[in-house]
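Engineer: To start, I am sharing the structure in question, which I have written as structure tokens.
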Amino acid sequence: MTDRKEDGTSKDGRVARGEITRERVLDAAERCFAELGFDAVSIRRIAREAEVTLGVVGFHGGTKQELFVTVLKRRVETLNAMRMARLDALKSTERLTLETLIDAYVTPYLEIASRGDPQWRAYAQLVARIMSDERYYREAGPLYDRVASIYLDEMARLRPDADREQLAAVLSLTVSSMVSIVASGIRIAGLSQSDRRESPMVYRPLLLDFCVGGVLRALEPKC
């Protein structure tokens, strides 16, 4: 039975409102970090963006550093689940190749970035920021590296002639290309003198050709 106070409000209702407020805080933090970068954002700015008090931000997010990690973690968990589902499907159908592995890793990010959700666009902008700053690897690296390492293991089984560092390098270059194609839509439109900005999924075939071709060329035996 749901607990009720004298004013008729329920415990479940309070929990639901708390979850809504927490999401509002995380959404606001995500937008602020994406727009300004970690260093330039204050808890006060996030509170103002979320239209809550400083105490509410602290209650739901902790310190700024903890809030930053939480903002990344909730998105990474979705991406990791999608990537693992694709990998499991490949293994079950015995269609595991370097090409299908790269496709399984990059396509979930393109799919999500193409949905038009402003919060996922903010996340994509934030990822583009942190990719170029090694300071964030300590916090962000462990969130991504568990699934990336699983993919590297599969790459190593397919290419036992390549060492781990080589495989890690080509996967990292692939990720950089993936992030760039999402973040560079406006530049692509400008350079091509186009009057429209395409969805990231439009570039999927081109991105896969670019990344797969680069990976295969990089892993060729050197004379």
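Computed from the coordinates by the stated procedures, all read-outs in this text should not be read as laboratory data. Just so it is clear, the structure is predicted and the values come from calculations on it, not from any experiment.
Engineer: Could you tell me whether the stretch 9-62 comes out rounded, prolate or oblate from its Cα gyration tensor? Rule is a ≥ b ≥ c as square roots of the eigenvalues, rounded for a/c under 1.5, then prolate if a/b exceeds b/c, otherwise oblate.
Structural biologist: In terms of gyration-tensor shape, prolate.
Engineer: Name the residue, out of ASP153, ASP195, ASP27, whose mean-square fluctuation peaks in a Gaussian network model built on the chain with Cα pairs under 10 Å.
Structural biologist: It is ASP195.
Engineer: Can you tell me, using C-alpha contacts under 8 Å and at least 6 residues apart, the relative contact order of the chain as a whole percent?
Structural biologist: After rounding, I find 20 percent.
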